[in-house]
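Here's the structure, in structure tokens; my notes come after.
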Amino acid sequence: MSDRYQGFVSSPIGKVLVKNLGLPSPTRLERYTEGAPLVAGTVLVGGTGRLVDSLPKVLDGLGIAALSADAEGTTYKGLVFDATGLTDPAQLVALQEFFTPLMRRLDSCPRVVVLGTTPATVTGPERITQRALEGFTRSLGKEIGRGGTVQVVYVAEGAESMLDSTLAFFLSPKSAYVSGQVVRVAARDGDSTQPAVPDLARPLAGKVALVTGASRGIGEAIARVLHRDGATVVGVDVPQAASELQSLMAELGGDHLCLDITHPDAPQRIAHHLAEHHGGVDVVVHNAGITRDRKLANMSEDRWSSVIAVNLLAPELITRALLDQGVINPNGRIIGVASIAGIAGNVGQTNYAASKAGVIGLVDSLADELEDQITVNAVAPGFIITQMTAAVPFATREVGQRLNALSQGGLPVDVAETIAWFASPGSSAVNGNVVRVCGQMMLGA
Ligand code: NAD
């Protein structure tokens, strides 16, 4: 399932046509390879807030080469700007002063992270100023080009020392297809310490991860990435996918459960299996999902109910069973897979979009309730090249792939890497977020 357009525009004739017709010319995105340094270049840190002094130490701990002052002639792979010190809209000019001279000195696939203070936690001019950062970053994401990405990370007071895993993700090629996002990092219950991650290359060593719909597509990529990060993966899929599931889990040294997650016994069977065979679970990824598209005028009850049952009711009931029975370990992670359709809506997908918006509702409803540093977050993929999207008609697929700031579809691994960031034991302050993995799609903000 390759991107044929991208192959074409890289050809000699394609290059000529792109230039003369003004066609989109997607940059081949850099993606993380196991064992490589997180950042292949230099990161410049700027700004004047409550984070700027600690940032060089954080980046050093991640093995990222960073400068605190611009060195003439240096090109940068990443820029981090601490905007937490901006308290009045007139001070926003500091963004222009820092970024403008650097815009032509960025390496390929550059990463930009602006750090702010959660607007809802401050008042008056400071709140206005911090909110303004969203417009700045979303626009820069659309103009940076060359495979670059831009995010704003709002860091609540008290969470200053809990940024490592988030910076590691957003400064590295792991976030290749994530741009224009607004992320909140906040300490909970006054707890500003988070569990140490002894081995950055294998943050999930000793952890158990449940992945539903693990036999193919995005679920397979999630299983592979969580395994790379050290987890023992327990894959779940329908009995019809048993042989693919078994061989993948055998390859990854994991475990498998063949069941339909909508079966009334499924939550209990999963909870019992995890408790009996693995002593609990650390990461729960609700990835299994289906589409049964029809315009509402032609929607049968069966199409409606099957989509809601797989995509929304099953994650809700399985999560409830695992929580009620204490099967999710402290510092555990619950991760939903929503969709851009659940944010922007889509013709023919009232059932699917309702189910995926419901997944966002599940995150919202659980985020304040969870204890013991258990977090809940979701990804909302945009156009990801899988068997699911291969079924989309060619013309619709082409438009779907190009209508984003990176002018291309994402890969299953892009969703998986985002989930691995949520899953990290170092992400205990990342809670209640819905992060789109959509190359900053033009639809749905
Ligand atoms: P896919 O169809 O390739 O894989 C889905 C997996 O879920 C399959 O292995 C399937 O057997 C399993 N599954 C379905 N119903 C099940 C059930 N009742 N019990 C157990 N397993 C079941 O799809 P994908 O493209 O890899 O999508 C994975 C997730 O990402 C889905 O939730 C989907 O809605 C979401 N998503 C995908 C895209 C995309 O562009 N591909 C975009 C947005 C969201």
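Of the listed pairs Lys77/Lys142; Lys77/Lys356; Lys142/Lys295; Lys77/Lys207; Lys295/Lys356, which have alpha-carbon separations greater than 27 Å here? Let's see the in-between values first.
Details: Lys77/Lys142 18 Å; Lys77/Lys356 35 Å; Lys142/Lys295 32 Å; Lys77/Lys207 32 Å; Lys295/Lys356 17 Å.
Listed pairs above 27 Å: Lys77/Lys356; Lys142/Lys295; Lys77/Lys207.
Grab the other residues whose beta carbon is less than 13 angstrom from that of Pro110, score K and R as +1, D and E as -1, and report the net.
Taking every Cβ under 13 Å from that of Pro110, the sum is +2.
Taking only the alpha carbons of the chain, what extent do you get along each of the three principal axes, in Å, biggest first?
Reported extents, whole Å, longest axis first: 62, 56, 43.
For the stretch 378-387, take each phi angle, set θ = phi - 60°, evaluate the Karplus expression 6.51 cos²θ - 1.76 cosθ + 1.60, and give the result in whole Hz per residue in order, putting x for glycine and proline.
Going residue by residue, I get 9, 9, 10, x, x, 8, 10, 7, 9, 4 Hz, with x marking Gly and Pro.
Quick one: which residues, 5 or more positions from Gly47 or on another chain, have an amide H under 5 Å from its amide H? H modelled 1.01 Å from N in the peptide plane, none for Pro or chain starts.
Long-range HN contacts for Gly47: Asp82.
Suppose every Lys and Arg Cβ carries +1 and every Asp and Glu Cβ carries -1, with no other charges. What dipole size does the chain come out with about its Cα centre, to the nearest 20 debye?
That gives the chain a dipole magnitude of about 1700 debye.
Exposed loop GluC sites (Glu not before Pro) only (DSSP loop, at most 12 other Cβ atoms within 10 Å): please give the longest stretch of the chain free of them, not including the sites.
Looking at the chain, 73-368 is the longest stretch - no exposed GluC sites (Glu not before Pro) with at most 12 other Cβ atoms within 10 Å.
Within a 10 angstrom radius of the beta carbon, how do Cys258, Cys438 rank from fewest other beta carbons to most?
The most exposed by this proxy come first: Cys258, Cys438.
Does the stretch 172-232 classify as rounded, prolate or oblate by the C-alpha gyration tensor (a ≥ b ≥ c root eigenvalues; a/c under 1.5 gives rounded; else a/b over b/c gives prolate, otherwise oblate)?
oblate
Please give the net charge around Leu140, taking every other residue with its beta carbon less than 12 angstrom from that of Leu140, where Lys and Arg add +1 and Asp and Glu add -1. It would help to have the intermediate numbers written out before the result.
Values: positive: Arg111, Arg138, Lys142; negative: Glu134, Glu143.
Here the count lands on +1.
Only residues of the stretch 351-365 count here: report those whose backbone N is under 18 Å from the spot 7 Å along Cα→Cβ of Asn298, or say none.
351-353
If you average the alpha carbon positions of the stretch 233-247 and of the stretch 143-163, how far apart do those two centres end up, in angstrom?
Going from one Cα centre to the other spans 37 Å.
If you wrap a convex hull around the C-alpha atoms of the stretch 14-156 and split its volume per residue, what is the figure in Å³?
It is 135 Å³ per residue.
Which one, Ser243, Ser165, Ser306, has the greatest fluctuation when you compute a Gaussian network model over the chain with C-alpha springs under 10 angstrom?
Ser243
Just add up the charged neighbours of Ser215: K/R +1, D/E -1, any other residue whose Cβ is under 11 Å from the Cβ of Ser215.
So the surrounding residues net to -2.
Per residue of the chain, what 222 nm ellipticity follows from adding -39500 (n - 2.57) for every DSSP H run with n ≥ 4, rounded to the nearest 500?
-10500 deg cm²/dmol
Between Arg105 and Ser161, 0.36 nm times their residue separation minus their Cα-Cα distance comes to what?
Fully extending the segment from Arg105 to Ser161 adds 17.2 nm.
Report the charge-dipole magnitude of the stretch 31-185 in Debye, nearest 20, computed about the Cα centre from +1 at each Lys and Arg Cβ and -1 at each Asp and Glu Cβ.
540 debye
Classify the stretch 389-445: rounded, prolate or oblate, from the alpha-carbon gyration tensor (a ≥ b ≥ c, eigenvalue square roots; a/c under 1.5 rounded; otherwise prolate if a/b is larger than b/c)?
Prolate is the answer for the stretch 389-445, as a/c is 1.5 or above and a/b outweighs b/c.
In the chain, with Lys and Arg counted as +1 and Asp and Glu as -1 at Cβ, which of these residues, Ile385, Thr291, Ser424, has the Cα nearest the positive end of the dipole, that is, farthest along it?
Checked the options; the winner is Ile385.
Mind checking the stretch 74-150 for trypsin sites (Lys or Arg not before Pro) that DSSP puts in a loop (not H, G, I, E or B) and that have at most 13 other Cβ atoms within 10 Å?
Passing both the DSSP loop test and the Cβ count: Arg104, Arg146.
Throughout, read-outs are computed from the coordinates displayed, never taken from laboratory work. These numbers come from a predicted model, not from an experiment. For neighbour counting, all protein chains shown are included, and Cβ atoms are generated from backbone atoms with ideal geometry for every residue, glycine included.
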